[in-house]
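Peer 1: Sharing a structure with you now.
The values are calculated or read from the model by the stated rules, or taken from the named source; none is laboratory data. Computed from a prediction, not measured in an experiment: that's the story for all the values here. All Cβ positions, even for glycine, are placed from backbone atoms using ideal geometry, and neighbour counts span all protein chains on display.
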Amino acid sequence: MCAKKKDSISRKTEQLKQFEKSFEGQTMTTRQGLKVNDTNNSLKAGERGPTLLEDFLLREKIHNFDHERIPERIVHARGSGAHGYFELYESIEEYSKAGIFTDTSRKTPVFVRFSTVAGSKGSTDLARDVRGFAVKFYTEEGTWDLVGNNMPIFFIQDAMKFPDLVHSVKPEPNKEIPQAASAHDTFYDFVSLTPETLHNQIWVMSDRAIPRSLRMMEGFGIHTFRLINKEGKAHFVKFHWKPKLGIHSVTWEEAVKISGADSDFHRRDLWDAIDAGMFPEWELGLQIIPEEDEHKYDFDLLDPTKLVPEEVVPVKIIGKMTLNKNPENFFAETEQVAFLPGNIVPGIDFTNDPLLQGRLFSYRDTQLSRLGSHNFHQLPINRPIGEVHNNQRDGHMQMEIPKGRAAYFPNTLGGGCPHMAKVADGGFSHYQEKIDSHKIRNRSESFSDHFSQPALFYRSLSDWEKQHVIDAYSFELGKCEVAHIVSRMLWLVSQIDSSLAKEVSRNLGIKIPKSIDKPINQAIGADADVEKHQPSKKKNYLDKSPALSQSNTKFDTIESRKIAFLMADGFKMSDYKKMKTGLEKKNAVVKIIAPHGGTITCDENMEHKVDASISTTESVLFDAVYIPGGKKSCEKLLADKKFIKFINESLKYCKAISVDNEGEMLLDNSEVKNFKNDDEAILVNSTPDKFIKAISKHRNWNRSDAAKNIAV
Ligand code: HDE
């Protein structure tokens, strides 16, 4: 009788465990297993004499150190990863035969890497940028990589333009400035000459580009893919990840400050949440479109700069992903993980999206210069859970010992093995799409609508989101130094939305031109191309798509939100206890901020550990503020102006503020005094429940206009 096959999670966990290494209780050895008795001193001829070439211990140690770094990813270099699993709610066998989409009893292990795009490996987490959202599913039928972003569209329509796009946004090549920022001339030079970028560009100007947490952003597969069922019938599909915590962002001013206060803010937040057992979750949703409907829409499904509005094709939720384990080692896992959009499994297939087609080449190729060997699939994090058998051999860093004489197919010397799998037994077969056409190097006319969807996006935003977009364009274009680039951008933005362009033009003090500046165009030789690809006329096929606005996200939880408790010696224990218990019941994280580190003593004479002294932290790292009563405590807080700054800043960025008893003194000595009677997120002697409700709303944006001019 066969032994029962272990579940997928245990198999991936055990596979990784085989390679884990603990050093506890061990003696240090060389790479050859020789025990070492001195790793502090090199071998010398005499105490003050020259170091000897013979010193193999020194050479080995330094040699390893010299080679510790590998090239960072050309894009998405800055990333954070986590392990988890995916569970299916209901089978969708009518659409796909993939095991991961039909077997509800499975838990499929996953490894996820979130990233920024433009910055280097050590750049700030809070850059205004797209976020990568790459998921590796270790399925029973092979590894499936869904390598997406946190925005549903991309900048360009054809892989051929990717190096141009990336060269334009990366630091300028003569001075290597600016790091992790799109606000510079080369980027807007490219964008202004390539109007297909405008849709993704306006998303980058929105709050989506500065998430509060990696756990609070959506993910999208972007391209239209195919699902294939057992009968071989195909449906088009768009993949969506919906965060259980809702979609929330910080403001740009906060982002700038967080970059200074804690440039690892997102990485730390993800790590801490998982470490504390608050496992982030996303539901997987599908927009499924019958092949017969391919030409039914006002845009082309193969154009990756277009989204399918959720109001037109609803998102069907089919499962959930939970991230429940931090990596053991950043380099071995998060850095060495290699995602390949070409990794698919039976039941899922590609489409002719020309951006996707180019990606199918690029990712495998780039791993060679990054990881140094085409055997990168043998690294523990990249191994599939199933067995690998083929005739591919040798190369740098082969980790296995393939046995036998026959490394070719067909063969008799190896008994015909490894043999082919029948499609019915899981062998992969491509979807048989009929193609009958001419070879042509051009762009389909159906891809030429560059204004309708950015306009739909902007129309769908709430007033406060629109204001953030205006501010972002004003900031980014304000950083450009070349006048014709800014003018061209203003003209393009005016084609999206004239009121948006007017606001930006006012902030910049630069007029919107009546038309694109032709002579400049000709001077740079771009005219012919621009003429050939004139954007088509803007359409209005949907007034608004509420799903695009963060004001329609979930506001029902404060789980893992960080609340600053400002306290000093003599604080009122009963206030503190009541609020802390209330918030922690809802899984918020309470941190005591005091004038100094160590401990503080409450009015009941008990000592409490301080989480951070005011000199080591900033308000922008927290979601809300609470100040308990206690005259002595509040007077001490008042004596340190940084506490007032903390409160004013929380007010300015529209956060919830709650005080009890003498805590009100701090409000009356801060800018809050002008707001407190007329603001639902400023609470005096209130209940934990009211504070919880205010925090769950993320921000009180009604306050933003009045709070704009608070100086902090
Ligand atoms: Fe990527 N992209 N990309 N990209 N991409 C890479 O692959 C590329 C695109 C995305 O956490 C690279 O392993 C081309 C779209 C993510 O390891 C590289 C094109 C989307 C990650 C590459 C695109 C993405 C990458 C660099 C246009 C969203 C990080 C290192 C045809 C659907 C994965 C690497 C990780 C990484 C090429 C466009 C998402 C160079 C040529 C569209 C999330 O191969």
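Peer 1: Could you check region 214-236 and list, in sequence order, the residues that are within 14 Å of the ligand (Cβ to nearest atom) and on the phi < 0 side of the Ramachandran plot?
Peer 2: Once the filter is applied, which keeps residues that are within 14 Å of the ligand (Cβ to nearest atom) and on the phi < 0 side of the Ramachandran plot, region 214-236 yields Leu214, Met217, Glu218, Gly219, Phe220, Gly221, His223, Thr224, Phe225.
Peer 1: Let me ask something additional. Regarding region 524-547, can at least one residue be identified that is hydrophobic (A, V, I, L, M, F, W, C), within 30 Å of Pro152 (Cβ to Cβ), modelled with pLDDT of 95 or more and not assigned by TED's automatic domain parsing to the domain that holds Leu683?
Peer 2: The initial filter retains those residues of region 524-547 that are hydrophobic (A, V, I, L, M, F, W, C), namely 524, 526, 528, 530, 542, 547.
Among the residues that remain, those that are also within 30 Å of Pro152 (Cβ to Cβ) are: 526, 530, 542, 547.
Within this subset, residues satisfying the condition of being modelled with pLDDT of 95 or more are 542, 547.
The next check asks that each one be not assigned by TED's automatic domain parsing to the domain that holds Leu683; those that pass are 542, 547.
Yes, region 524-547 contains at least one residue that is hydrophobic (A, V, I, L, M, F, W, C), within 30 Å of Pro152 (Cβ to Cβ), modelled with pLDDT of 95 or more and not assigned by TED's automatic domain parsing to the domain that holds Leu683.
Peer 1: For region 250-263, state whether one or more residues are outside any loop (DSSP other than H, G, I, E, B), polar (S, T, N, Q) and within 24 Å of Glu476 (Cβ to Cβ).
Peer 2: The answer is yes; a qualifying residue exists.
Peer 1: Please return the ranges of helices (runs of 4 or more DSSP H) entirely within region 611-703 where 1 or more residues are under 32 Å from the mean Cα position of the chain (by Cα).
Peer 2: Where helices (runs of 4 or more DSSP H) fall fully within region 611-703 and carry at least 1 residues being under 32 Å from the mean Cα position of the chain (by Cα), they are 641-652, 688-696.
Peer 1: Here's a follow-up. Considering region 151-180 alone, what residues qualify as being within 14 Å of the ligand (Cβ to nearest atom) and either charged (D, E, K, R) or touching a Gly at 6+ places or on another chain (Cβ under 6 Å) (or both)?
Peer 2: Asp158, Ala159, Lys161, Asp164, Lys170
Peer 1: Another question about this same structure. Please return the ranges of helices (runs of 4 or more DSSP H) entirely within region 106-212 where 3 or more residues are at pLDDT 95 or above and β-branched (Val, Ile, Thr).
Peer 2: none
Peer 1: Here is a follow-up. For region 224-249, which residues satisfy the criterion of being closer than 30 Å to Cys654 by Cα and part of a loop (DSSP other than H, G, I, E, B)?
Peer 2: Listed by number, the residues that qualify are Lys244, Leu245, Gly246, Ile247, His248.
Peer 1: Looking for something of a type outside the set (S, T, N, Q), outside the structural domain of Pro304 (by TED's automatic domain parsing) and assigned to a loop (DSSP other than H, G, I, E, B) - is there at least one such residue anywhere in region 462-474?
Peer 2: no
Peer 1: Also: Which of the residues that make up region 273-296 are without any contact (Cβ under 8 Å) to a residue 12 or more places away in the chain and within 21 Å of the chain's Cα centre (by Cα)?
Peer 2: Gly277, the sole residue that qualifies.
Peer 1: Looking only at region 170-198, count every residue that is of a type in the set (Asp, Glu), in contact (Cβ under 8 Å) with a residue 60 or more places away in the chain and out of contact with any Cys (no Cβ under 9 Å at 6 or more places or on another chain) and tell me the total.
Peer 2: Residues meeting the conditions: 1.
Peer 1: I'd like to check something: does region 10-30 contain any residue that is charged (D, E, K, R), in a loop (DSSP other than H, G, I, E, B) and surrounded by 10 or more Cβ atoms within 10 Å (Cβ to Cβ)?
Peer 2: Looking for residues that are charged (D, E, K, R), in a loop (DSSP other than H, G, I, E, B) and surrounded by 10 or more Cβ atoms within 10 Å (Cβ to Cβ), one finds at least one in region 10-30, hence yes.
Peer 1: Answer yes or no: is there a residue in region 7-29 that is under 26 Å from the mean Cα position of the chain (by Cα), within 16 Å of the ligand (Cβ to nearest atom) and within 30 Å of Gly319 (Cα to Cα).
Peer 2: no
Peer 1: If you check Lys306, Lys316, Lys296, which single one turns out to be among the charged types (D, E, K, R) and touching a Leu at 6+ places or on another chain (Cβ under 6 Å)?
Peer 2: Lys316
Peer 1: Taking the options Phe65, Phe56, Phe101, name whichever one is farther than 30 Å from Asn40 by Cα and among the hydrophobic types (A, V, I, L, M, F, W, C).
Peer 2: Result of the check over Phe65, Phe56, Phe101: Phe101.
Peer 1: When you go through His377, His419 one by one, which is the residue that is within 16 Å of the ligand (Cβ to nearest atom), within 17 Å of Glu141 (Cα to Cα) and surrounded by 11 or more Cβ atoms within 10 Å (Cβ to Cβ)?
Peer 2: Selected residue: His377, the only one of His377, His419 that is within 16 Å of the ligand (Cβ to nearest atom), within 17 Å of Glu141 (Cα to Cα) and surrounded by 11 or more Cβ atoms within 10 Å (Cβ to Cβ).
Peer 1: Within 16 Å of the ligand (Cβ to nearest atom) and either in a strand (DSSP E or B) or not assigned by TED's automatic domain parsing to the domain that holds Glu328 (or both), is that true of Ile74?
Peer 2: It is true that Ile74 is within 16 Å of the ligand (Cβ to nearest atom) and either in a strand (DSSP E or B) or not assigned by TED's automatic domain parsing to the domain that holds Glu328 (or both).
Peer 1: Additional query: Considering only residues that are surrounded by fewer than 19 Cβ atoms within 10 Å (Cβ to Cβ) and assigned to a loop (DSSP other than H, G, I, E, B), which ones fall in region 546-569?
Peer 2: Going residue by residue through region 546-569, those that are surrounded by fewer than 19 Cβ atoms within 10 Å (Cβ to Cβ) are 546-547, 551-557, 559, 562, 569.
Passing the criteria: Thr553, Lys554, Phe555, Asp556, Thr557, Glu559, Asp569.
Peer 1: Could you please let me know if Leu323 is within 8 Å of the ligand (Cβ to nearest atom) and surrounded by 20 or more Cβ atoms within 10 Å (Cβ to Cβ)?
Peer 2: No; evaluated as a whole, the condition is false for this residue.
Peer 1: Taking the criterion of being without any contact (Cβ under 8 Å) to a residue 24 or more places away in the chain, away from the ligand (no atom under 12 Å from the Cβ) and either outside the structural domain of Gly342 (by TED's automatic domain parsing) or among the polar types (S, T, N, Q) (or both), would at least one residue in region 105-113 satisfy it?
Peer 2: Yes, region 105-113 contains at least one residue that is without any contact (Cβ under 8 Å) to a residue 24 or more places away in the chain, away from the ligand (no atom under 12 Å from the Cβ) and either outside the structural domain of Gly342 (by TED's automatic domain parsing) or among the polar types (S, T, N, Q) (or both).
Peer 1: Something else: Exactly one of (1) under 21 Å from the mean Cα position of the chain (by Cα); (2) β-branched (Val, Ile, Thr); (3) crowded, with 21+ Cβ neighbours inside 10 Å is unmet by Val256. Its number?
Peer 2: Exception for Val256: condition (3).
Peer 1: What are the pairs with Cβ atoms under 9 angstrom where one residue, in region 552-574, is on the phi > 0 side of the Ramachandran plot and the other, located anywhere, is polar (S, T, N, Q)? Sequence gap at least six, or different chains.
Peer 2: Between residues of region 552-574 that are on the phi > 0 side of the Ramachandran plot and residues that are polar (S, T, N, Q), the close pairs are Ser560/Ser213; Ser560/Asn587; Gly570/Thr601; Gly570/Ser633.
Peer 1: Follow-up question, since we're still on this one. Just the residues that are in contact with a Phe, Trp or Tyr (Cβ under 7 Å, 6 or more places away or on another chain) and assigned to a helix (DSSP H, G or I), please, taken from region 478-517.
Peer 2: Listed by number, the residues that qualify are Ile485, Met489, Val493, Gln495, Ile496, Leu500, Val504.
Peer 1: Kindly indicate which of Lys17, Lys4, Lys12 is within 30 Å of Glu140 (Cα to Cα) and at pLDDT below 95.
Peer 2: Checking each option against the conditions leaves just Lys4.
Peer 1: Scan region 423-461 residue by residue and report those that are of a type in the set (A, V, I, L, M) and either assigned to a helix (DSSP H, G or I) or surrounded by 20 or more Cβ atoms within 10 Å (Cβ to Cβ) (or both).
Peer 2: Selection gives Val423, Ala424, Ala455, Leu456, Leu461.
Peer 1: Shifting gears a bit: Please go through region 533-586 and pick out each residue that is basic (Lys, Arg) and under 30 Å from Val313 (Cβ atoms).
Peer 2: Residues satisfying the conditions are Lys537, Lys538, Lys539, Lys544, Lys554.
Peer 1: Within the set of pairs 6+ apart or on separate chains, which have a first residue in region 143-169 that is without any contact (Cβ under 8 Å) to a residue 40 or more places away in the chain and outside the structural domain of Pro346 (by TED's automatic domain parsing), a second that is outside any strand (DSSP E or B) and near the ligand (Cβ under 7 Å from one of its atoms), and C-beta atoms under 7 Å apart?
Peer 2: As it stands, the answer is none, since no pair meets every condition given.
Peer 1: Go through Glu94, Glu60 for me and flag whichever is surrounded by 12 or more Cβ atoms within 10 Å (Cβ to Cβ) and outside the structural domain of Asp272 (by TED's automatic domain parsing).
Peer 2: Exactly one residue qualifies, and that residue is Glu60.
Peer 1: Moving on. Looking at Phe299 and the list (1) crowded, with 19+ Cβ neighbours inside 10 Å; (2) closer than 28 Å to Asn442 by Cβ; (3) more than 16 Å from the ligand (Cβ to nearest atom); (4) hydrophobic (A, V, I, L, M, F, W, C), which single condition is not satisfied?
Peer 2: Every condition holds for Phe299 apart from (1).
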